[in-house]
Amino acid sequence: MLPPSRLQELIRLIRTAKTQAQERDIIQKECADIRSAFREEDSNYRSRNVAKLLYMHMLGYPAHFGQMECLKLIASQRFTDKRMGYLGAMLLLDERQDAHLLITNSIKNDLNHSNQFVQALALCTLSCMGSAEMCRDLVSEVDNLLRNSNPYIKKKAALCAVHIVRKVPELIEMFIPACKRLLSEKQHGVLYGAVTLIMEMCQRSTDALAHFRKLVLRLVEILKEIVMSGYSPEHNVSGISDPFLQVRVLRLLRILGHNDEASSEIMNDVLAQVATNTDTNKNAGNAILYETVLTIMDIQSVSGLRVLAVNILGRFLLNNDRNIRYVALISLLKMVQTDNLAVQRHRGTIVDCMRDQDDSVKRRALELSFALVNSNNVRGMMKELLYFLENCKPEQKADCASGIFLTAEKYAPSKRWHIDTTLRVLTTAGNYVRDDAVANFIQLISSANELHAYTVLKLYTTIMHDISQQPLVQVTMWCIGEYGDLLLSGQCEETEPIQVTEDDVLDILETVLQSHMSLPITRAYALTAIMKLSTRIRENVDRIRKVVSIYGSCIDVELQQRAVEYNCIFKKFDHMRYVGIQLFLTYFVNELDHSLFCLTTSLHQIDCHT
């Protein structure tokens, strides 16, 4: 029988396939040959066949029939077979399959093997696919390897212990003594594994957290040694000494210093040293600075150190890399509540980020800009936000408009400014605002009694040029219906007086009613407004009656019902329109006079009694 083809030949053959069907045919033929070899117990080429099977598995084809062959390779005495067997076990086996329990004894034997590379294979496999049962059975062997004199084995065992802690948290106490010894090592790989293991234990156990807070001083010494050490080719990355270990230590310090004043005080000096001595021209340095900032934010650091962290993020905003700007904006957004004054110093740079080409950066800059608005800078910031609203993409207008509404409501210096700002938003992005924007704006207008004439005049002149923004048109229709008499009088101290006739007002109302851009709810507002005006004008009542009667046969049920009811009012109570208004005014004046008389009498009685 001819020996099976090599893996390189199979790869070359698969790549020559021009269609998916041809590829499937090749795979099926090769799988049939591999199955035959497995049935014949061909041990000489078992490793080669498993390698080809793993490649087909990575292409997405089923390879479960090779699981038992992987177990046989693991039990082999040859290192090449063990290596392929363990690789196959990591790819083809997991906790959901009972077959993975069959290799527990093999892993246990290999953990006690005299060859460090065989031990490393067993540790990697246990770290990758070890179940809770396997971890409980093999935890003693892993703990023994943590005490091994070989740094290569110790770093592998530390990472394996991380997996065991995740699977079986109750075994944490078993690794605590070993972690203390690992922190005294000089080899960076061992230190990295030890710091990772301590992080995992502190996140899962409050007792472990309290215990390892006693080792903060040792972690600070490790970080200081890395920062102050000279050039080391083994650990140098873009001129930075072992940034991976620095980042890990900073993350562990962040966990240990959280809500602990004593630990935080020990870290302050080294954090300031890292923040000032790290090169920002390389991405590795930026990664360390970012972790330093997060650590400063999360511990109980001094105020000067927090200002330094904000300044680092401010420099990140000037970086050409958009990813760095993005993470800086996110971090500043977290700090704005606690260190608002320090973040305010970078307000100009943050506003510039809203003009960035990247949508993600613009979105985060917009959120941060809203968070920076206060009563002192609301006018200047609102100009920038309105400029962004005018130039942003349609999908961003809704969020921006909502933010402007909330900010204006919270920090408005005056009602007129509030009305002008809301009016500009509705003019710019009216069709993108929330559904409650119309009701809120109407409530704002109705509460500003001294600005009714100003508001109705501004709204009227606005929709004379554009009636496409439906929320704006709806508010205008309501205002014309309520304060149309003020519009017709043309008297407004806030703006230059203009002459508006009854025909002008009715023309714009009819335009809205007849426009194809008007929504049914907008036409309802306009129809109600034109009906309200019938009590305030005298010369065009017949025109109003005609418009209302037309909509009595409208296809829209809501408009039809309104028009029919309004027609009934015209027919049955037309003679009472002006008389009713006069009676109401007379009644109101009489009631006011009576109230004033009662108030005067009461004051007189009090005065006499005194």
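The values are calculated or read from the model by the stated rules, or taken from the named source; none is laboratory data. The structure presented is a predicted model; accordingly, all values stated were derived computationally and were not measured. Reconstructed Cβ throughout: ideal geometry from the backbone, glycine too, with neighbour counts over all protein chains shown. What goes into the accessible areas is simple: the full protein's heavy atoms, side chains included, and nothing from ligands, DNA or RNA. Shrake-Rupley method; radii C 1.70, N 1.55, O 1.52, S 1.80 Å.
Quick rundown of the values:
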| quantity | calculated |
| --- | --- |
| Per residue accessible area in Å² of the chain, where ligands, DNA and RNA are left out and the probe is 1.4 Å | 51 Å² |
| Per-q log10 I(q)/I(0), the chain, q = 0.09, 0.11, 0.12 Å⁻¹ (Debye; single scatterer per alpha-carbon; no solvent) | -0.91, -1.08, -1.17 |
| Share of carbon and sulfur in the accessible heavy-atom surface of the chain [1.4 Å probe, %] | 52 percent |
| Candidate lysines - alpha carbon under 28 Å from Lys415, same-chain residues fewer than 8 apart omitted | Lys383, Lys397, Lys458, Lys532 |
| Proximal lysines to Lys29, defined as alpha-carbon separation beneath 18 angstrom and excluding residues fewer than eight positions away on the same chain | Lys18, Lys52 |
| Acute angle (nearest 10 degrees) that the helix 216-228 long axis makes with the longest principal axis of the chain, alpha-carbon atoms | 90 degrees |
| Equivalent ellipsoid, segment 347-466 (semi-axes from 5 times Cα gyration tensor eigenvalues, Å) | 26, 16, 12 |
| Cα gyration tensor, segment 327-398 - rounded (a/c under 1.5), prolate or oblate | oblate |
| Cα-based equivalent ellipsoid, segment 46-134: semi-axes from gyration tensor eigenvalues, Å | 20, 15, 10 |
| For peptides 437-447, 555-565, sequence by mean Cβ density within 10 Å, most packed first | 437-447, 555-565 |
| Accessible surface of Glu173 - all protein chains present, 1.4 Å probe, nearest 10 Å² | 140 Å² |
| Ellipticity estimate at 222 nm from DSSP helix runs (n ≥ 4, -39,500 (n - 2.57)) divided over the chain, nearest 500 | -23500 deg cm²/dmol |
| For peptides 333-339, 295-301, sequence by mean Cβ density within 10 Å, most packed first | 295-301, 333-339 |
| Alpha-carbon Rg with Dmax, taken over segment 24-178, Å | 16.6, 57 |
| Between 0 and 90°, nearest 10: helix 283-298 axis offset from the chain longest Cα axis | 70 degrees |
| Only Lys, Arg (+1) and Asp, Glu (-1) charged, at Cβ; segment 252-390 dipole about Cα centre in debye | 480 debye |
| Cα pair distances of segment 171-247 binned at 5 Å [whole percent] | 3, 15, 27, 23, 15, 9, 6, 2 |
| Tilt relative to the chain, helix 502-514 - C-alpha long axis, 0 to 90 degrees, to 10 | 40 degrees |
| Dipole in debye (nearest 20) - the chain, about Cα centre, beta carbon charges: Lys, Arg +1; Asp, Glu -1 | 2380 debye |
| Shape of segment 114-193, Cα gyration tensor, a/c cut at 1.5 | oblate |
| Ranked by how many other beta carbons lie within 10 Å on average, peptides 475-487, 138-150 from highest | 475-487, 138-150 |
| Under 5 Å, built H, 5+ apart or other chain: amide partners of Asn236 | Asp242 |
| Ratio Rg/Rh [Cα only; Rh per Kirkwood] for segment 402-559 | 0.96 |
